[in-house]
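Read through the structure below, which is laid out as structure tokens, and then see the notes.
The values are calculated or read from the model by the stated rules, or taken from the named source; none is laboratory data. Please read these numbers as outputs of a predicted model, since none were measured by experiment. Cβ atoms come from the backbone with ideal geometry, glycine included; neighbour counts cover every protein chain shown. Protein only, heavy atoms only, side chains kept; ligands, DNA and RNA dropped before computing areas. Shrake-Rupley method; radii C 1.70, N 1.55, O 1.52, S 1.80 Å.
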Amino acid sequence: MRLKEAAVEIFLSSIRSVHPENIIPKNLSLSDNLIKIKDYEFPLEGDLYVFGSGKASVEMAKAVEKILGDRIKGGVVVCNYTEKLEKIDVVEGSHPVPTEKSVKAGELLLERISALKENDSFIYLLSGGSSALIEKPIPPVTIQDLQKTTHLLLENSIPIDEINVVRKHLSLIKGGRLGEKTKGRGIVLVLSDVIGDDLFTIGSAPLYYDRSTYEDAYNILKKYSIFDEIPDSVKKVIQDGISGKIPDTPKSENPNIKHFIIGSNFIALNEAKRKAEESGYRSYIFTSLLKGEAREVAKVITGIGLEIKRSDNPVKKPVCILFGGETTVTVTGNGKGGRNQELVLSALKEIKDTEGIVLLSGGTDGIDGNSDAAGAVITADSYRKALSLDLSIDQYLENNDSYSFFKKTGDLIFTGKTGTNVMDIIVMIIEG
């Protein structure tokens, strides 16, 4: 039990380190008419507005309100839930698939940002989930057409950067198109939820610029054999974009808008490392760039852990090894769970009843797949409990039902919505 508790506390500490109430005051300050972001100074001239979108946007807005207070003239943020703020309106969009709520939210953002004057300033708070939470499809694409396309993209385990290439080219908001609509000067504070902290990918880059083209979107849909399955309206927009009938996304950065990444998976991993060492474990960050099919990634991670257990290679035990990133799951069953729970269940098949090893994988947003759990954590006791309950790991994996498995063994991790989102954290402790 001690191992489990240590792993969970390391995980929770990593989440706290990238919560907006902690990360924003480290990066944003106000002095007279000067806002400072890291080493960049942003003078205030006209009115100041706060906008934003993403699963962390409400908590980010709260933190910004505490610092800027009455200097904020107004604004709106879009999240997957609503909450009352002092100066900033909160609008609810839909996630992970956009709905009419996402369209209404997107239209409101377009309206408010387009209304800014040249001497007005804004802060935009961007976090993961924005791609679904705000939307305005390019006609004749309807929200229903976009929903079908999004489902196809998500169900085929397509990497998020490629999904977002397609999304950008069906939207009047994404790929820098929102940034084209404003005359105001702005700064964008970013909580990164993508591997490598790629500004072209985070939230589908509503205020950045875009290096991809309609041709790229077409090639991605063909590559994964779903072009023939998408609605005719989506095909038309992509084909019209390729032929030049629809302008492509902007290919250069708006000089009046600056982006700053203030929170990332690597920052969270560094806090996990610090916490592990405080708990008495030598600790190593192996990577923040983990990706691939969850079941296959599990084999690699457990292979490293079992090698350390057996031979003290590549590092000596006792040790805590850390991984970050985001895996994928090819869904073939109709069970409940997510990539973190599936990874841990796959790992349990490899670790079995090996003593002195704990493995945890969790989503920093507190939501894993279609479940209300953040992830799961296992030890040898988990395997023995499964045997006593006559649970077949293979059967639960086949049905993508890791949640039900771990609910029975008592190994789920529940955090609730965390107010942040920097992908996933994997903690593995190997004792002597």
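Assorted remarks:
- Inclusion of A380 among residues that are of a type in the set (A, V, I, L, M), at pLDDT 95 or above, at negative phi and within 23 Å of the chain's Cα centre (by Cα) is not warranted.
- Subset of region 393-415 [open to solvent by 40 Å² or more (accessible area, probe 1.4 Å) and outside any helix (DSSP H, G or I)]: N399, G410, F414, T415
- The sole residue among K291, K273, K299, K245 that is open to solvent by 40 Å² or more (accessible area, probe 1.4 Å) and modelled with pLDDT under 95 is K291.
- Residue count for region 416-432, restricted to those that are under 24 Å from I351 (Cα atoms), assigned to a loop (DSSP other than H, G, I, E, B) and not acidic (D, E): 1.
- Complete set of residues in region 84-119 that are open to solvent by less than 20 Å² (accessible area, probe 1.4 Å) and in contact (Cβ under 8 Å) with a residue 40 or more places away in the chain: G93, P98, S102, V103, A105, G106, L109, I113, L116
- Qualifying residue in region 68-83 (condition: part of a helix (DSSP H, G or I) and open to solvent by 50 Å² or more (accessible area, probe 1.4 Å)): yes
- In region 416-432, the residue that is farthest from the chain's Cα centre (by Cα) out of those that are closer than 17 Å to A7 by Cα and crowded, with 20+ Cβ neighbours inside 10 Å is I430.
- Condition met for K222 (at pLDDT 95 or above, surrounded by 21 or more Cβ atoms within 10 Å (Cβ to Cβ) and of a type in the set (K, R)): no
- Matching residues in region 176-213 - criterion: being open to solvent by 30 Å² or more (accessible area, probe 1.4 Å) and polar (S, T, N, Q): T213
- Subset of region 160-175 [within 20 Å of N256 (Cα to Cα) and open to solvent by 20 Å² or more (accessible area, probe 1.4 Å)]: L172
- Meets criteria (farther than 23 Å from T328 by Cβ and in a helix (DSSP H, G or I)) for L152: no
- Boolean, L146 is outside any loop (DSSP other than H, G, I, E, B), of a type outside the set (K, R) and either open to solvent by 50 Å² or more (accessible area, probe 1.4 Å) or on the phi < 0 side of the Ramachandran plot (or both): yes
- In region 23-49, the residues that are at pLDDT 95 or above and either polar (S, T, N, Q) or at positive phi (or both): N27, S29
- Against the test of being closer than 21 Å to D424 by Cβ and basic (K, R), the options R211, R274 yield a single qualifying residue, R274.
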